[in-house]
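The values are calculated or read from the model by the stated rules, or taken from the named source; none is laboratory data. As the structure is a prediction and not an experimental result, all values here were calculated from the model. Virtual Cβ from ideal backbone geometry, glycine too; neighbours counted across all protein chains shown. The area values use the complete protein model at the heavy-atom level, side chains included, leaving out ligands, DNA and RNA. Shrake-Rupley method; radii C 1.70, N 1.55, O 1.52, S 1.80 Å.
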Amino acid sequence: MSPESLQLPLLVMLGLAFGSFLNVCIHRIPLEQSLNNPGSRCPGCGYELRWFDNIPVLSYVVLLRGRCRKCRAPISLRYPIVELITMGLFVLHGDVFGWTPLLAARLIFACAMVVLFAIDLEHHLLPNVITLPGIAVGLASSLFLPPGIRDALIGVLAGGGVLWLIGEAYFRYSGQEGMGGGDVKMLAMIGAFLGWKLVLVTLVLSSVAGSLIGLLVIAIRRGGMKYALPYGTFLALGALAASLAGDRIIAWYVSFY
Ligand SMILES: [Zn+2]
């Protein structure tokens, strides 16, 4: 067997295992609970999950059929979905970056985006315990890896600064808080990992995604403007797309000039 033929099964297994851990982060970080202690429990009856209840996707579908072994309380579909999405992201990243050090950095970044997406979706919250260390880890990796420390530092300032200015201007103008501080720190983290060029790509992609989904919701609800998908979810989607395809998007855009 060649080393390349092992890459796909390895990424699939790593993706499922990390997805399982991300579920723990998504569940516990907003509650400010410890990530390793105690073991996973059923929120309904407190039954402590055994190792065989904890096999990604398989346990949910085959063993438990979406219910707790003891009290039959339904288990959120979020668990297998997060595991499958994380697996897909690992395989995609392996395809784009190959077996390189940059793959490791971008996988850490992708895991953070999955967690931020899920927590923002459910709690409208982008926790500092992810974004602030994220800025530090992103800058540290950019010392050795693309985009390089100069682009990364500009990315932090541009990413954080632009959103901060928009939020501040909106606040002065309307007297309401428009953009949360979490969005500012999240975009600074994106800048630290991806550099300022891909921050711009992220902003464009997340605005387009936000507008399209916003229009769709307005169309479905016949003019009801009150839809509340938080901006961090779109930032996460835009940043993942920028990380995977941003360089090609920039090259395509530049080719018109
Ligand atoms: Zn239970």
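So what J values fall out for the range 40-47 if you push phi through Karplus, 6.51 cos²θ - 1.76 cosθ + 1.60 with θ = phi - 60°, rounded to Hz, Gly and Pro as x? Running phi through 6.51 cos²θ - 1.76 cosθ + 1.60 with θ = phi - 60° gives 5, 10, 6, x, x, 10, x, 4 Hz. Farthest toward the positive end of the dipole of the chain, out of 212, 52, 5, is the Cα of 52, where the dipole comes from beta carbon charges about the Cα centre.
Among 116, 102, 240, the residue with the largest mean-square fluctuation in a Gaussian network model of the chain, with springs joining Cα atoms closer than 10 Å, is 102. Heavy-atom accessible surface of the range 42-166, averaged per residue, reaches 54 Å², computed with a 1.4 Å probe.
Ranked by the mean number of other Cβ atoms within 10 Å per residue, highest first, peptides 31-39, 167-175, 132-140, 208-216 order as 132-140, 208-216, 167-175, 31-39. The alpha carbon centroids of the range 132-193 and the range 35-99 are separated by 32 Å. Rounded to the nearest 500, the 222 nm mean residue ellipticity of the chain from helices alone is -24000 deg cm²/dmol, with -39,500 (n - 2.57) taken per DSSP H run of at least 4 residues.
The stretch between residue 144 and residue 256 holds 37.1 nm of extra length on full extension. This uses 0.36 nm per residue minus the Cα-Cα distance. Taking the chain as a Gaussian network of alpha-carbon nodes connected by springs under 10 Å, the highest mean-square fluctuation of the residues 207, 243, 142 belongs to 207. For the chain, carbon and sulfur atoms together expose 69% of the accessible surface, with a 1.4 angstrom probe and every protein chain in place. With a Förster radius of 35 Å applied to the beta-carbon distance between residue 174 and residue 132, the computed FRET efficiency rounds to 0.80. Close amide H partners of residue 67, meaning residues 5 or more places away or on another chain with modelled amide H under 5 Å apart, are 75. A viscosity of 0.890 mPa s and a temperature of 25 °C, combined with the Kirkwood radius over Cα pairs in Stokes-Einstein, give a translational diffusion coefficient for the range 74-188 of 155 µm²/s. Note on the range 25-88: the C-alpha convex hull projects to 4.4 nm² when averaged across all orientations. In terms of its alpha-carbon gyration tensor, the range 126-257 comes out oblate; a/c meets the 1.5 threshold, while b/c is at least as large as a/b.
Shown here are the Rg and Dmax of the Cα trace of the chain, at 19.7, 64 Å. For the chain, hydrophobic long helices are taken as DSSP H runs at least 27 Å long by C-alpha position along their axis with mean Kyte-Doolittle hydropathy of 0.5 or more; these are 3-28, 78-97, 101-123, 149-174, 181-220, 231-254.
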